[in-house]
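Read the figures in this text as sums done on the coordinates, not as results from a lab. Here the structure is a predicted model, which means the values were calculated and not measured. Neighbour counts run over all protein chains shown; Cβ positions are idealised from the backbone, glycine included.
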């Protein structure tokens, strides 16, 4: 069956005739209700009763009855490498249910948590997230999910959350309304009161248009202000105009690692993803009438890619530490990251960061 949320389309399957539907957490996102489309084309509203961000699982409640066919759960213990499995789910490109066949190539335990990924050589298509992976006996041994680690631009393997005893127990608790959210890690860069210093990477977690999770690791590597910045800008284009009286140019060298995102889709990163706040709280306007030095921050990235480039700003000469903010006033960038631009504060902030995380330079 198809699952539609405010973030996009995914798949699901009935596992209890009382009306409980299994799907992926990134399909439902933060929505309280979703639209379920049955194989006969009929729609109904489903209530999201439980979800787990860590395992990427969610349970949706619809009207139950004998008209529903529940798929029984199997167990990873009964799955071996080389076993043939069938995956099925809704795909928007043909507006129908698509099935792919492959073999189990690996069962990968999570490094820290008590669950495992089922890896198969069957490629999963966009929209199949939340659909079942079935044995030749029709038992569900996995729920189609995202890759456990997005480190290459294109991945031709299929990943599913494996159906073991721990996962089945979790699903029972999700039926009862349990919600498990991944906590935001404390530390520099996650609030304007505690911005990250230079060369301190901050992870920003958000969601793609289809509900898939996004993660960017962002670092402000270098900040240049005043006359040195103006010299670089002049070299970039000799007809650039000098800063207005009382202001000066500021260049920030930004590194962005696109660490996680939907396979086969690019993410456009640009200076427009950032805003700059003055020390007294007003926002600076990007100087669009200035041709920036190259490379300039504007690129489409595949998951696993990196860009390092300049952003350009015009700031008050007496502003000691404007705050560079990723996702400021952006409807698309739900996650935020906050960065100091004062180089002289770098060492002090780094020491505070080490204290916050329990890291010490002593041996």
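Does residue 79 satisfy the criteria of being in contact (Cβ under 8 Å) with a residue 60 or more places away in the chain and either farther than 24 Å from residue 19 by Cβ or surrounded by fewer than 19 Cβ atoms within 10 Å (Cβ to Cβ) (or both)? Full working, then the answer.
Values: in contact (Cβ under 8 Å) with a residue 60 or more places away in the chain: yes; either farther than 24 Å from residue 19 by Cβ or surrounded by fewer than 19 Cβ atoms within 10 Å (Cβ to Cβ) (or both): yes.
Yes; evaluated as a whole, the condition is true for this residue.
Restricted to strands (runs of 3 or more DSSP E) entirely inside the stretch 284-339, those with at least 1 residues that are surrounded by fewer than 16 Cβ atoms within 10 Å (Cβ to Cβ) and touching a residue at least 24 places away in the same chain (Cβ under 8 Å) are 298-301, 306-316. Taking the stretch 241-259 as the region of interest, how many residues are surrounded by 22 or more Cβ atoms within 10 Å (Cβ to Cβ) and either free of Cβ contacts under 8 Å to residues at least 24 places away in the same chain or more than 19 Å from residue 200 (Cβ to Cβ) (or both)? Of the residues in the stretch 241-259, 1 are surrounded by 22 or more Cβ atoms within 10 Å (Cβ to Cβ) and either free of Cβ contacts under 8 Å to residues at least 24 places away in the same chain or more than 19 Å from residue 200 (Cβ to Cβ) (or both). In this structure, does residue 41 turn out to be over 30 Å from the mean Cα position of the chain (by Cα) and either more than 16 Å from residue 167 (Cα to Cα) or assigned to a strand (DSSP E or B) (or both)? Answer is yes for this residue.
Applying the set (1) at positive phi; (2) not in a loop (DSSP other than H, G, I, E, B) to residue 50 leaves exactly one unmet item: (1).
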